[in-house]
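Student: If you scroll down you'll find the structure; I have some questions about it.
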Amino acid sequence: MTQSINRLPLTSASAPVRTASSGSPAAIWLVLMLALCGIYLWQVFQFTPNAPRDDDLAIFVRLGTFKHWSGWASLGDLLKHHNEHRLGVMSLIAYAQYTLSGVVNFKLLALMGNLSLLLAFAVLAWGVTDRKSEHFWPVCLLGLLVFVQWRYWQASVWPMVTISGFPAILFAVTTMVLLARSERWAFGLAIGSAALATLSQGNGLFIWPAGMLMLAVQQRWRAMAVWTTLTALVIPVYFIGYVAPPSHVPISTALRNPHLLAGYFLVFLGNYPMPGFVGPWRLWLAGLLGGGLLSLSIWTILRHGRQNPALAGMLLFCLISGAAAAMGRATLGLDQALSSRYAIIPSCMWASLLLWAGSRRWPGLSASYGVVLAVLAASWIWSYQQAAPIIEARRLEAELGRVCDDGCVEHLIYPNLAEAFPVVHDAEKDGLFHFPRSKGCLACSVVPLVNAHVVPANAKPYHLVSAKDGWVDRVERQGAALQIVGWARHALAQARVLEMALPAAPSQIKILPVAREDVATMLGDPRHANSGFRLTLQFSDEVSAQAAEKKFCIASRTDSGLALLNGQPAICDHLFLK
């Protein structure tokens, strides 16, 4: 006799299944994500100096345009190029912050830019993730750990980048999510979002060709025809009045070196885990990782682009941005592709892929979630630990910068003083910014205190000095003699010996103490009262002295190597041999 066996459910009706996307578990994941965002924003606020640096001066120029508004002429000034960027959105954000507070606050600008990055993640998660998946909320936490972190610290605390580059990412993500929809209203909003991306930063322009390719993947030929027409109109208009900066290498130079172009592109895509890594193998590792990301992205676009067009569009936008960066900067060397601020692009790509793949119903995903979460959390903490000392040195440099009682701007925020001083003083005169005064100013330098490219000590035989370690304040040439004046903290513990790299000059130079009460006051350490030095180098003729004025390297020995006291790393690379 055969008995029928009723297969009972694994759970009874009285104990319903609580998925990660329902009830209190969803609230727990949301609280964890909000906590992570809060920690990140608090760190941004702590690390961002309330002082302009380098291209931040463009903010003053744009605000001056608002302050002296004269109709259409001022509108043209507002939207004109800064390098290859049109910074209309940045100008509006800065003006809004200035209007609310009455003065430019660079900490608040950095916060506003990073808030747009967090909003970009929310839109990305909404657009590429399967929101019905039981893994939706846990995967969003994983994606947030990948998308928002300190691998691109240079972008996070640089106001000029945060309020131009991060909004460009927000509008790019929004455009792709809207284009993925078939409604006409979504298509119209996508056009507006793409226009905002274009006016945020230079790479925002690439949303147009990326959108065109995305619509082709979807086989929406009519929408593609309209978008292609708009692309053909926008790109030529964007470059009206554009003049390439003299410092920019022509793109044709990179195109004549396809191997260098391809290498830069792959290293750029592999930048994500590289900041903090040192050693010659890091370029090979970045290139291999970039090649893997490129292959995975192309496969995803071709295989799943029609099912998830927002994902395909975002990957296309990032790939085009990377290719454009390679064409513009490949001639600067592969190391430049590992600049911290570029890591935001591969971060977007990895986060997009993780959000999409994690929300799918993969076997064993729940079991491996804890391991993936632990790895990504450890990676987030590690990236912070790697970045924190460097960011702190930059913050200290900015905080050392003050306007002395005699009006001298001691913080040299731009390499070209002829450009910096008029903009700075005009900004103060217009009430746009108030530089703090200090009685303990260091002597005004003729070069910035810290070069923008900070190199770890074990990456090269020297490391770039931070503002608290010393600096060459000025170099004076008098006939065939060269006089070098500065201060060095570590020389105090090294029998007052500086190390020098210069043809026909001694490798080590003994120095006599020179009073520097300003250094002791600024650093809060009385031991630095005699940390100054003054060197006189005698040459055979004026021509030799003139050549040495531009090609010398001087350093102070530290526990971790040599601290370079003058910002000429490209020269010192070749002169320091040990």
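Student: Got at least one residue in the stretch 269-277 being over 30 Å from GLY127 (Cβ atoms) and in contact with a helix residue (DSSP H, G or I) (Cβ under 6 Å, 6 or more places away or on another chain)?
Tutor: Checking the stretch 269-277: at least one residue is over 30 Å from GLY127 (Cβ atoms) and in contact with a helix residue (DSSP H, G or I) (Cβ under 6 Å, 6 or more places away or on another chain).
Student: Further question: Starting from residues that are among the small types (Gly, Ala, Ser) and modelled with pLDDT of 80 or more, keep the ones in the stretch 253-278 and report whichever is nearest to the chain's Cα centre (by Cα).
Tutor: GLY270
Student: How many residues does the stretch 192-225 contain that are under 23 Å from ALA155 (Cβ atoms) and in contact with a Pro (Cβ under 6 Å, 6 or more places away or on another chain)?
Tutor: 1
Student: Here's a follow-up. Determine whether LEU537 is under 20 Å from TRP487 (Cα atoms), open to solvent by less than 60 Å² (accessible area, probe 1.4 Å), modelled with pLDDT of 65 or more and not aromatic (Phe, Trp, Tyr).
Tutor: So LEU537 fits the description; yes.
Student: I would also like to ask the following. From the set of residues in the stretch 356-400 that are over 26 Å from PHE45 (Cα atoms) and open to solvent by less than 20 Å² (accessible area, probe 1.4 Å), which is modelled with the highest pLDDT?
Tutor: So the residue we want is GLY358.
Student: Collect the residues in the stretch 295-330 that are assigned to a helix (DSSP H, G or I) and charged (D, E, K, R), keeping them in residue-number order.
Tutor: ARG303, ARG329 - these are the residues of the stretch 295-330 that are assigned to a helix (DSSP H, G or I) and charged (D, E, K, R).
Student: Would you confirm whether or not the stretch 128-142 contains a residue that is without any contact (Cβ under 8 Å) to a residue 60 or more places away in the chain and surrounded by 23 or more Cβ atoms within 10 Å (Cβ to Cβ)?
Tutor: No, the conditions are met nowhere in the stretch 128-142.
Student: Taking TRP153 and the conditions (1) under 18 Å from the mean Cα position of the chain (by Cα); (2) open to solvent by 20 Å² or more (accessible area, probe 1.4 Å); (3) over 28 Å from VAL375 (Cβ atoms), which numbered condition does it fall short on, given that it satisfies the others?
Tutor: For TRP153, the exception is condition (3).
Student: Also: Here is a check on your reading of the model: is VAL146 more than 23 Å from the chain's Cα centre (by Cα) and hydrophobic (A, V, I, L, M, F, W, C)?
Tutor: Answer is no for this residue.
Student: Something else about it: Can you pull out every residue in the stretch 216-244 that is over 12 Å from ARG86 (Cβ atoms), open to solvent by 70 Å² or more (accessible area, probe 1.4 Å) and either outside any helix (DSSP H, G or I) or in contact (Cβ under 8 Å) with a residue 40 or more places away in the chain (or both)?
Tutor: Scanning the stretch 216-244 gives GLN219, VAL243.
Student: Okay, next question. Every residue in the stretch 179-188 that is assigned to a helix (DSSP H, G or I), touching a residue at least 12 places away in the same chain (Cβ under 8 Å) and open to solvent by 30 Å² or more (accessible area, probe 1.4 Å), please.
Tutor: Once the filter is applied, which keeps residues that are assigned to a helix (DSSP H, G or I), touching a residue at least 12 places away in the same chain (Cβ under 8 Å) and open to solvent by 30 Å² or more (accessible area, probe 1.4 Å), the stretch 179-188 yields only PHE187.
Student: Quickly run through the stretch 279-291 and pick out the residues that are modelled with pLDDT under 80 and open to solvent by 30 Å² or more (accessible area, probe 1.4 Å).
Tutor: Of everything in the stretch 279-291, those that are modelled with pLDDT under 80 and open to solvent by 30 Å² or more (accessible area, probe 1.4 Å) turn out to be PRO280, TRP281, ARG282.
Student: While we're looking at this one, here's another question. So the check is Cβ under 6 Å with 6+ separation or different chains; which pairs have a first residue in the stretch 329-356 that's in contact (Cβ under 8 Å) with a residue 40 or more places away in the chain and of a type in the set (Ser, Thr, Tyr) and a second one that's assigned to a helix (DSSP H, G or I) and open to solvent by 20 Å² or more (accessible area, probe 1.4 Å)?
Tutor: THR331/THR253; SER340/TRP153
Student: Name the one entry in LEU261, LEU213, LEU196 that is open to solvent by 10 Å² or more (accessible area, probe 1.4 Å), assigned to a helix (DSSP H, G or I), closer than 30 Å to TYR40 by Cα and in contact (Cβ under 8 Å) with a residue 12 or more places away in the chain.
Tutor: LEU196
Student: What tally of residues in the stretch 331-349 results from selecting those that are surrounded by fewer than 19 Cβ atoms within 10 Å (Cβ to Cβ) and not in a helix (DSSP H, G or I)?
Tutor: 1
Student: Do we find a residue being aliphatic (A, V, I, L, M), in contact with a Cys (Cβ under 7 Å, 6 or more places away or on another chain) and under 14 Å from LEU144 (Cα atoms) anywhere in the stretch 114-131?
Tutor: Yes.
The values are calculated or read from the model by the stated rules, or taken from the named source; none is laboratory data. Keep in mind the model is a prediction, meaning the values are calculated, not measured. Ideal geometry is used to build each Cβ from the backbone, glycine not excepted, and the neighbour counts take in all protein chains shown. With ligands, DNA and RNA removed, areas are computed over all heavy atoms of the protein, side chains included. Shrake-Rupley method; radii C 1.70, N 1.55, O 1.52, S 1.80 Å.
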